[in-house]
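Below: the structure, in structure tokens.
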Amino acid sequence: MKKLLLIFSLLTSSLFAESCKTLFTGAAAYKAGDFTSAAEAWQNCVDNGYQNGDLYYNLGNAYFRENRLGLAILNYEKALRFDPTNDDYEYNLKFARSMTKDKVEESEDMENPILNFAFEAHHVLSEKQQFIGILILVWVIFFLCIVRVLSANPKVKTALAASIFPIALILGILACSVGYKVYKENTYSLGVVIAETADITSGPSDKDQTLNMLSEGTEIEVLSVKDGWVHVRLGEKINGFAKISEVGIVK
């Protein structure tokens, strides 16, 4: 687990914004190893309307040190909403995710190399890495096009044209992947199980049948919220209702 980062930038930024008095208290408590007090102090800032990617990130670190995995993941996700390309936020989120118990069944390996590449690029590469890849590929294609125009050799022109096609295909895959991620961030409502366990029922009532039970830290899609219940979905097999007190909502 990475050490707590960006505390000083967080504290400095507060001098130019509406300051939260317990911001400094939380930093001092975390430094002293009192993670419970640090989490309470920073959560107080959040509850009073102070929102900042660094604040959510540091709050997630405090909750992680308290072994409150669900709240840690929830705050790392919130931090990433402020800065989706932050490597520290993403690293700690992935580390916390690796400790969750519930896993969505993965599809079998695809034999088609193009589809396999698309899958890997979408799930393994971060948005920042994909944006960098897109920029590099655009310049490579531009360079090859210039060389092709300037070349007088027909064979060279043909070879360059043939090399541009697969590069353009990879560029298109990365662009679609980034576009989908951006779309998902703006339309997809994410929830995280913050209780030790959450019962998923067939309806929004304690009297309804329990269909599944999810463990702390499990990330789920939030379809709707009404009367203290959250309609959630996870993969193709889990679709039901959980109590709002057991689920934290990122967006």
All positions within region 50-85 that are of a type in the set (Val, Ile, Thr), modelled with pLDDT of 90 or more and either farther than 23 Å from ILE220 by Cβ or not in a helix (DSSP H, G or I) (or both): none
Selection from region 172-220 of residues that are over 15 Å from LEU234 (Cβ atoms), touching a residue at least 40 places away in the same chain (Cβ under 8 Å) and among the aromatic types (Phe, Trp, Tyr): TYR180
Cross-chain or 6+ apart pairs with Cβ under 7 Å, region 66-81 first and farther than 9 Å from ILE194 by Cα, then surrounded by fewer than 24 Cβ atoms within 10 Å (Cβ to Cβ) and of a type in the set (Val, Ile, Thr): GLU66/THR36; GLU77/VAL250; LYS78/VAL250; ARG81/VAL250
Some residue of region 129-142 being exposed (fewer than 13 other Cβ atoms within 10 Å of the Cβ), modelled with pLDDT under 95, outside the structural domain of ALA198 (by the TED database) and closer than 30 Å to VAL247 by Cβ: no
Identity of the residue in region 8-48, exposed (fewer than 11 other Cβ atoms within 10 Å of the Cβ) and at pLDDT 80 or above, that ends up nearest to PHE64 (Cα to Cα): GLY33
Subset of region 179-218 that is in contact with a helix residue (DSSP H, G or I) (Cβ under 7 Å, 6 or more places away or on another chain) and buried (at least 18 other Cβ atoms within 10 Å of the Cβ) - its residue that is farthest from TRP139 (Cα to Cα): ALA198
Matching entry among LEU169, LEU223 (being in contact (Cβ under 8 Å) with a residue 24 or more places away in the chain and in a strand (DSSP E or B)): LEU223
Count - residues of region 149-166 that are open to solvent by 70 Å² or more (accessible area, probe 1.4 Å) and assigned to a helix (DSSP H, G or I): 6
Failed criterion for GLU90 (all others in (1) charged (D, E, K, R); (2) modelled with pLDDT of 85 or more; (3) in contact with a helix residue (DSSP H, G or I) (Cβ under 8 Å, 6 or more places away or on another chain); (4) assigned to a loop (DSSP other than H, G, I, E, B) hold): (4)
Residue selected from region 196-237 under the condition hydrophobic (A, V, I, L, M, F, W, C) and in contact with a Leu (Cβ under 9 Å, 6 or more places away or on another chain), by the criterion farthest from ASP102 (Cα to Cα): VAL230
Subset tally (residues that are free of Cβ contacts under 8 Å to residues at least 40 places away in the same chain, part of a strand (DSSP E or B) and among the aliphatic types (A, V, I, L, M)) for region 226-250: 2
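Quick check: anything in region 106-124 of a type in the set (D, E, K, R), at pLDDT 65 or above and either part of a loop (DSSP other than H, G, I, E, B) or not assigned by the TED database to the domain that holds THR197 (or both)?
No.
The values are calculated or read from the model by the stated rules, or taken from the named source; none is laboratory data. The structure displayed is predicted, hence computed values, not measured ones. Here the Cβ is made from the backbone with ideal geometry for all residues, glycine too, and neighbour counts use every protein chain on show. Heavy atoms of the whole protein, side chains included, go into the accessibility calculation; ligands, DNA and RNA do not. Shrake-Rupley method; radii C 1.70, N 1.55, O 1.52, S 1.80 Å.
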